[in-house]
Structure formats: structure tokens, C-alpha cells
Amino acid sequence: DGLYECYDPIHPATRTQYKEAVVKIYDLFTDTYHKFCGGEWGADFIGSRIVYAHGMMTLSRTPSCSAPPGSIYDYGNWDNDRKPTAVVGTHEATSCYLEYSINEYTRVPLFELVYHDAIVTSWRWEDCNHHIPSIWWKKDLFNMLYGTAPLWSIDKETFLPYENKFIESYNNISPWLREIGYEELLNHRFITEDHKVQRTDFSSGKSIVVNFALTDYTYEGQVVKARSYLTIGLPDEEVSTGVESPKTTGTPLATLYPTPVDGHFTLKFDVRGAYHVTISDISGRNLWNATLHDTENRIDISSYPSGIYLLTINSGGKQSVLKVVKQ
């Protein structure tokens with residue numbers, strides 16, 4: 001992940017000598033032991049000798065981005081080597097993370113534009129697709145847009161509440177990666193001025209258009225659904241499949257009223273249970289979260305500015321997303 005100098009009198013090394021030593025190590029494992037090798041952070045000088053670069057989707061060390069220990073933003077630690085909470089836990093995204101790591105307006109796939117046909121990249125292990133459930137959909141979309149591998153670190157306690165979402169995530173990303181996973185990434189474009197709609201093109205002629213917005217977008221006569229994507233050039237013609245739409249599919253887990261909302265609204269469940277509820281703004285920033293058990297719950301958003309908010313409910317491996325319009 002960088003070039004270093006060594007000042008030890010027994011084995012001093014310049015940065016160039018350090019680089020040459022690392023290259024020799026990779027050559028040993030590759031040529032002598034016939035192993036596939038990879039690394040972290042994707043140092044350019046070793047690029048021609050590795051097949052994966054763990055963490056390239058995570059920009060710098062943004063998972064730790066000012067997360068107070070013990071808060072809902074705390075991404076965990078490595079104290080338990082067998083099951084570190086940094087790997088298997090879930091948390092909420094800090095404003096810093098939303099602005100600098102997962103912001104579709106500023107991100108560009110620079111590494112993938114150079115190395116996509118040679119190196120598989122992913123998120124870091126403390127920054128997996130599922131670690132921040134409220135923006136899981138966005139990380140999946142970035143994987144599809146850049147043609148990079150998702151990363152899931154799963155134990156039983158993590159898997160069971162989100163079983164359906166894990167399956168949905170796999171079914172969306174993996175078939176697309178089987179199509180373009182080892183191709184050259186030729187081009188990346190912002191389609192709209194707000195960068196909510198983007199397109200990438202791969203060397204086989206296949207392309208994908210991703211829509212990060214809350215509303216559908218018509219692209220060259222095809223509708224790209226909100227928070228979804230459109231693949232172009234697949235053998236079975238153009239295919240559009242949703243990652244996650246703000247419209248709830250199937251039977252909603254709850255109903256809310258009144259709508260639009262003035263200051264308070266009631267969230268009603270048909271049966272008692274454990275419902276994990278999050279309210280976020282349209283940028284994906286989490287504003288409120290709680291675990292609710294009662295069938296009727298009065299929620300106060302009187303302090304929120306007028307606009308559109310998303311209320312995400314997770315329970316028993318199912319998820320519903322309701323739109324809240326604040327007057």
C-alpha cells in the first residue's frame with residue numbers, strides 16, 4: 001500500500017529497494033509456488049503481479065470517519081480475533097462517510113479504468129456491502145457500475161435478519177459480474193448533471209446504466225427505475241432488474257398515516273414483533289433509527305425540513321421501504 005524506507009543498519013533499504021523486494025516476493029509465490037496473489041490498497045508498482053486488490057472500493061479509511069465508540073456509527077473493533085465486530089457487525093453511516101466514500105457525485109472508478117481486466121477489487125473487510133444496511137443498495141449499485149466484487153462477512157447473527165437481502169444482493173450483482181468481470185473497463189460517464197445517473201462500458205460491448213436517484217429515469221427510450229440499473233448488450237437483449245426500489249414490493253411490513261406528514265405520523269404494523277426502522281434523507285444520510293415492538297407507533301419529524309424521506313423497515317429477513325413526504 002505504499003513505498004517505505006528502512007533505516008535499520010543491518011538491512012537498510014531505499015524505497016526503490018523496498019519495491020524490488022516486494023516484487024521478488026510476489027514473483028516467488030507466483031512463479032515457484034504457482035499461487036494467485038493479491039494485496040491491500042492496490043499499490044501501482046505491484047499491479048502487474050496481483051490478481052486481486054482488497055479494499056480498492058473503500059476510499060482511504062472512511063469506515064472509521066469520526067465514529068464515536070459505542071455510538072450507532074461505531075463500526076466495531078478487532079478485539080475478538082475469532083469474530084471481530086468490525087467484520088460481522090452493522091452500524092450507521094457517518095456524514096463524513098456519506099460525503100467522501102459513498103457519494104455518487106464525486107466518486108470515479110480511476111483504478112478500475114486502468115486495471116479492471118487484470119485485477120479484481122472489492123470493499124474492505126470492515127466496510128462490506130452489508131455493514132451499513134441503510135445504504136446497502138448503493139454499495140451494490142457501485143459494484144455493478146464499476147464491475148467490482150461485493151464483499152460479505154457473514155455469521156449466523158448477521159445473516160438471519162437480512163437473509164432475503166443477502167440473496168437479493170447476490171442475485172443482482174453476481175450474474176452481471178459473470179458477464180463482464182474480466183473485461184476491460186473502457187469508459188465511465190455521468191449522464192445527468194447531478195451525477196445520479198451514470199454509465200460504464202466494457203470491452204465486449206456490454207454496458208450498464210445505474211440510477212442512484214429516487215425517481216425513474218428514461219435513458220434512450222428505456223426506463224431505469226429508481227435505485228436500480230439497466231444492462232445493455234447481454235445475449236438476451238436489454239435486461240433491467242431492480243436492486244432496491246423505494247416502492248415496497250410484495251406486502252408492506254407497515255402502513256403510515258397521514259400522508260403528507262405535517263409533524264407527526266403513525267407507523268402501524270399488523271402484528272407485534274421486532275421491527276428495525278430507519279429514517280434517511282434522499283442522500284442516504286440516516287436521521288433516526290429505532291427498534292419498534294408495538295403495533296402502533298407515533299413518530300415525530302417536526303424538526304425535519306420539508307422534503308422526501310425514506311423509512312426503511314427490516315424484520316424477519318424482510319424489508320420494506322416507505323416514502324415519507326414532509327410538508
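The values are calculated or read from the model by the stated rules, or taken from the named source; none is laboratory data. This one's a predicted model, so the numbers in the text were calculated from it and none came from an experiment. Methodologically, a virtual Cβ is constructed for each residue, glycine included, from the backbone with ideal geometry; neighbour enumeration extends over all protein chains shown. With ligands, DNA and RNA removed, areas are computed over all heavy atoms of the protein, side chains included. Shrake-Rupley method; radii C 1.70, N 1.55, O 1.52, S 1.80 Å.
Brief remarks on what is shown
- Condition met for Val210 (assigned to a strand (DSSP E or B), closer than 29 Å to Ile308 by Cα and free of Cβ contacts under 8 Å to residues at least 24 places away in the same chain): no
- Within region 1-52, the set of residues being over 23 Å from Val114 (Cα atoms) and among the hydrophobic types (A, V, I, L, M, F, W, C) comprises Cys6, Ile10, Ala13, Ala21, Ile25, Leu28, Phe29.
- Identity of the residue in region 117-146, touching a Pro at 6+ places or on another chain (Cβ under 8 Å) and open to solvent by 10 Å² or more (accessible area, probe 1.4 Å), that ends up farthest from Asp201 (Cα to Cα): Glu126
- Of the residues Thr94, Thr158, the single one that is in contact with a helix residue (DSSP H, G or I) (Cβ under 7 Å, 6 or more places away or on another chain) and either surrounded by 18 or more Cβ atoms within 10 Å (Cβ to Cβ) or not aromatic (Phe, Trp, Tyr) (or both) is Thr158.
Residue-wise test of (1) more than 25 Å from Ser280 (Cα to Cα); (2) under 21 Å from the mean Cα position of the chain (by Cα); (3) modelled with pLDDT of 95 or more.
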| position | (1), (2), (3) |
| --- | --- |
| His195 | no, yes, yes |
| Arg199 | yes, yes, yes |
| Gly205 | yes, no, no |
| Val209 | no, yes, yes |
| Gly221 | yes, no, no |
| Lys225 | no, yes, no |
| Gly233 | yes, no, no |
| Glu237 | yes, no, no |
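- Residue that is surrounded by the fewest Cβ atoms within 10 Å (Cβ to Cβ) [pool: residues in region 11-49 that are more than 32 Å from the chain's Cα centre (by Cα) and among the acidic types (Asp, Glu)]: Asp31
- Verdict on Asn171 being part of a helix (DSSP H, G or I), open to solvent by 10 Å² or more (accessible area, probe 1.4 Å) and at pLDDT 90 or above: yes
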